[in-house]
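Chemist: Below is the structure I would like to discuss, written out as structure tokens.
The values are calculated or read from the model by the stated rules, or taken from the named source; none is laboratory data. Source: prediction; values computed, not measured. Reconstructed Cβ throughout: ideal geometry from the backbone, glycine too, with neighbour counts over all protein chains shown. With ligands, DNA and RNA removed, areas are computed over all heavy atoms of the protein, side chains included. Shrake-Rupley method; radii C 1.70, N 1.55, O 1.52, S 1.80 Å.
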Amino acid sequence: MEKMKVLLIEPMEQPRVVEIDHTLGELQRLVGGCIAATYPWDEDYVALVCNDNGIAEGLQPNRMLEDYDIILGSFFICGLGEEDFTSIPDELIEKYTEKFRWPELFLRDEDGIQCLRLTDSGIEVHPF
């Protein structure tokens with residue numbers, strides 16, 4: 001069975017590289033259900049794969065995606081081949097590990113949603 005290396009980002013955890021079987025069932029297991037892929041970064045040939053039903057399933061908010069969305073539940077980043085997902089390229093592991101390094105909490109207040117990023121030096125507040 002072919003293996004695939006992905007960068008897994010779980011709620012309240014730091015990213016980690018995992019090697020999985022390259023099957024639909026294994027991709028679904030990582031995100032806890034049906035998968036949905038998005039391609040938010042034009043410069044890299046990667047996909048962000050998450051649970052397609054995160055809102056309906058009440059999954060925990062995980063990370064802010066740029067400044068326009070919140071990813072719910074566990075998700076992973078993988079490479080893109082011509083017709084399928086592939087292993088994340090080694091040169092992009094560090095980039096996306098750093099991008100999603102810090103766990104985030106989300107709070108709603110009178111100003112909207114606030115993202116609290118939990119870093120080594122304390123809590124950073126980022127309005128959403």
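Chemist: Residues of segment 28-62 being without any contact (Cβ under 8 Å) to a residue 12 or more places away in the chain, under 21 Å from E13 (Cα atoms) and not charged (D, E, K, R), which ones?
Modeler: Q28, G58
Chemist: Then there is this: Assuming E19 fulfils every condition listed in (1) touching a residue at least 24 places away in the same chain (Cβ under 8 Å); (2) open to solvent by 40 Å² or more (accessible area, probe 1.4 Å) apart from one, which condition is it?
Modeler: (1)
Chemist: Another question, if that's okay. Quick check, is E2 touching a residue at least 24 places away in the same chain (Cβ under 8 Å) and either within 20 Å of H126 (Cβ to Cβ) or open to solvent by 50 Å² or more (accessible area, probe 1.4 Å) (or both)?
Modeler: No; evaluated as a whole, the condition is false for this residue.
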